[in-house]
Amino acid sequence: MALRADDPSTLPEPVDLSHHLSRSTLAREESKVKKFYKYFVPGVGQLAGGLPNDKYFPYDTLEAKVAQPNRWKPTPNKPIDPPTETLASTSISKDDPPSSRMVVPHDSGIPDPLRMIDLKSALQYGTAQGYPALYYFIRQFTRENLHPSVPYVGGPEIILTCGSTDGFSKTIQALSNEWSASHDPVNERPGLLVEEYCYMNAVQTAKPRGLNIVSVAIDDEGMMAKGKGGLEDVLDNWDFTRGRRPHLMYTVTIGQNPTSGTLGVDRRLEIYALCVKYDIIIVEDDPYWYLQFPTSSPSAVHPKPAKSSGFEFLDSLIPSYLSMDYQGRVVRLDTFSKTVAPGCRLGWITAQPKLIERILRITECSTQQPSGFVQSMIAELLMGPQGSSDPGRGGAADGSGWKVDGWVRWLEGLRGNYERRMNDMCDELDAGKYLVKAGRRNSFDEIADEQDDWAVLEKAKIYDFVRPLGGMFVWVRFDFSTHPLRKVVDAKRLSQALWVYWTAKPYQVLVAPGSMFAPTEEIRDQDAFNCIRLCFAACPVEDVKPISKRVSDGAQAFWRIKKKEAIDKLLEDDEGMSNAQGVDAGLGLLMGAC
């Protein structure tokens, strides 16, 4: 029988993945304390729990001046070629951006815990699943709007996290045993598949557990399914002396960090089929999913979703792996870090219910639910007061909440602003990637008239890049074989000198070296020095173009250095670069954490 998203009777049950659960996760039981929370309802004389009295909380309200959801101007959902002038405008009101006063009250007067948004409940101990009102909103938004056609019976479940890094840590804890070379046989060593260049916090989370980090080749789109070094090649030719064939894959599929690759539907289907064949769980980290840029691919046409989200913007996005996950082997990580603020430390995991239940058990005895301050502020912003007697105020102009349509409108506006920034950076980089030189060639002297005034123009490509289809980054690959000193200074040393050169006047720019994103020593030593990552997200909008020009101007000037002594001088004090090439943890915190 064919699967049909609109006919639940045709959908399969998720497959049983309990054989992938770690020993400690299998042994976890429901918290003896947390199971009492279902009895904490109005009218019950509560003498059992060790809860402080909410009247003694020092916060009477939480208040903020917040944006209205239409603050930023969206860009078109459909590809446009060439981009129109409308992309240049960022705000619907330059002088006074629309905002509202938001209030989280101490007591909302709402007895229903799924609608209650107040400090007496948010700042109290609560269930590890998340603050009920916010949990319910995100769960409904995830199932009905973000991923309305997950093809297994009953659909996915969610759990709130302290951001995607926390979500990944719990996922790895749940789905892999710790392994030690000094205590465990090599045939028990678990593995983690990652892109050839990847977000290193994930690698640094997995390595201390003993996981074998296995890189998969990438192209401009992202992870390769076939070809040399692609997923099929890695799995078909697995060397079991390295440990078990990997059963986990970590991937960022939209605006991949750091390369900005964006994985299309056809490639996803190929990779998913291989994961079914080899029994691999896909951990899909998607902090940039909403930041997909139609202007970068005017010819791209994505298939219509099996079931509409109810919003043209969401329907226009390349769908998640969840949309094809008929076996329930996708664990998706989402975060508010890129859509509200990184300091929220708030996100959620979406996966089949049995996996979420095991992660819930881990959460009960570790972080518990995320910060009540943050959850109540986000809940009030989105949902607003839940009754006429509720003294709260939401983020909309009339004091109600943004609701789902307001939240989607906010995401559209964010995408518009980041898309404009991306185009500004890429336009400047495009203009400076060739070095143009003028000169005479001796071989022409005998055929040239002595009286002629002539010159030969030569173009050398310094670097190249692909305009991102999504995300916050531009991945730039340099061609050091075109540098005048290539025969006397090796490419790795030229790369180090260029990084130092950029940090000095008049350029004064800091870029992320490719080595920070190399998951293995082999990739770092053989290729990473050719690459840098640029982020167009953080600097003031008016600075994107001039800073980008300083990058290209610096590269142009560096390519005019013709004396080896100048390179040696730049590298005399190489402390800063050594730390960067060594994936310094401090700088890593600034590299796009989730």
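In segment 486-538, what residues are of a type in the set (D, E, K, R) and open to solvent by 60 Å² or more (accessible area, probe 1.4 Å)? Full working, then the answer.
So in segment 486-538, the residues of a type in the set (D, E, K, R) come out as 486-487, 490, 492-493, 505, 521-522, 524-525, 527, 533.
Matches in segment 486-538: R486, K487, D490, K492, R493, K505, E521, E522, R524, D525.
Residue check: is D107 modelled with pLDDT of 95 or more, farther than 24 Å from G413 by Cβ and either among the hydroxyl-bearing types (S, T, Y) or in the same structural domain as K170 (by the TED database) (or both)? Even if it seems obvious, please write down each step before you answer.
Working: modelled with pLDDT of 95 or more: yes; farther than 24 Å from G413 by Cβ: yes; either among the hydroxyl-bearing types (S, T, Y) or in the same structural domain as K170 (by the TED database) (or both): yes.
The answer is yes for D107.
Please specify each residue of segment 312-355 satisfying the condition of being in contact (Cβ under 8 Å) with a residue 40 or more places away in the chain and open to solvent by 50 Å² or more (accessible area, probe 1.4 Å).
Answer for segment 312-355, where residues must be in contact (Cβ under 8 Å) with a residue 40 or more places away in the chain and open to solvent by 50 Å² or more (accessible area, probe 1.4 Å): E312, Y326, P342, R345, P353, K354.
Could you identify the single residue in R244, R268 that is surrounded by 23 or more Cβ atoms within 10 Å (Cβ to Cβ) and at pLDDT 95 or above?
Values: R244 fails: surrounded by 23 or more Cβ atoms within 10 Å (Cβ to Cβ).
Unique residue meeting the criteria: R268.
Inspect all residues belonging to segment 258-278 and state whether any of them is part of a strand (DSSP E or B) and either in the same structural domain as A181 (by the TED database) or more than 19 Å from S296 (Cα to Cα) (or both).
Pass one, segment 258-278, residues part of a strand (DSSP E or B): none.
Checked against the condition, which is being part of a strand (DSSP E or B) and either in the same structural domain as A181 (by the TED database) or more than 19 Å from S296 (Cα to Cα) (or both), segment 258-278 yields no hits at all.
Here are some residues: G387, G406, G413, G394. Which one is open to solvent by less than 20 Å² (accessible area, probe 1.4 Å) and over 30 Å from F536 (Cα atoms)?
On the way: G387 fails: open to solvent by less than 20 Å² (accessible area, probe 1.4 Å); G406 fails: over 30 Å from F536 (Cα atoms); G413 fails: over 30 Å from F536 (Cα atoms).
After ruling out the rest, the residue left standing is G394.
Open to solvent by 20 Å² or more (accessible area, probe 1.4 Å), of a type in the set (K, R) and not in a loop (DSSP other than H, G, I, E, B): does that describe K207?
Numbers: open to solvent by 20 Å² or more (accessible area, probe 1.4 Å): yes; of a type in the set (K, R): yes; not in a loop (DSSP other than H, G, I, E, B): yes.
Yes.
Condition check ((1) farther than 30 Å from G230 by Cβ; (2) open to solvent by 30 Å² or more (accessible area, probe 1.4 Å); (3) among the hydrophobic types (A, V, I, L, M, F, W, C); (4) assigned by the TED database to the domain that holds M383) across all residues:
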site: V150; (1), (2), (3), (4): no, no, yes, yes
site: D166; (1), (2), (3), (4): yes, no, no, yes
site: I172; (1), (2), (3), (4): no, no, yes, yes
site: S182; (1), (2), (3), (4): yes, yes, no, yes
site: E196; (1), (2), (3), (4): no, yes, no, yes
site: V203; (1), (2), (3), (4): no, no, yes, yes
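Can you tell me which residues in segment 200-244 are over 24 Å from A181 (Cα atoms) and of a type in the set (A, V, I, L, M)?
Passing the criteria: A217, I218, M223, M224, A225, L231.
Can you tell me how many residues within segment 356-365 are surrounded by fewer than 18 Cβ atoms within 10 Å (Cβ to Cβ) and either modelled with pLDDT of 95 or more or of a type in the set (D, E, K, R) (or both)? Please lay out each step first, then the result.
Restricting attention to segment 356-365, the residues satisfying the condition of being surrounded by fewer than 18 Cβ atoms within 10 Å (Cβ to Cβ) are 357, 365.
If we keep only those that are either modelled with pLDDT of 95 or more or of a type in the set (D, E, K, R) (or both) as well, we get 357.
Number of matching residues: 1.
Can you find a residue in segment 5-15 that is modelled with pLDDT under 80, within 30 Å of Y326 (Cα to Cα), among the small types (G, A, S) and within 37 Å of the chain's Cα centre (by Cα)? Quick ask: steps written out before the conclusion?
Residues of segment 5-15 that are modelled with pLDDT under 80, as a first pass: 5-9.
Filter again for within 30 Å of Y326 (Cα to Cα), leaving 5-9.
Restricting the remaining residues to those that are among the small types (G, A, S) gives 5, 9.
From what is left, the residues that are within 37 Å of the chain's Cα centre (by Cα) are 5, 9.
Within segment 5-15, one or more residues are modelled with pLDDT under 80, within 30 Å of Y326 (Cα to Cα), among the small types (G, A, S) and within 37 Å of the chain's Cα centre (by Cα).
The values are calculated or read from the model by the stated rules, or taken from the named source; none is laboratory data. Given the structure is predicted, the values throughout are model-derived calculations rather than measurements. Positions of Cβ are generated from backbone atoms using ideal geometry, with glycine treated the same way; all protein chains shown enter the neighbour counts. Note: accessible area is taken over every heavy atom of the protein model, side chains too, but ligands, DNA and RNA are not part of it. Shrake-Rupley method; radii C 1.70, N 1.55, O 1.52, S 1.80 Å.
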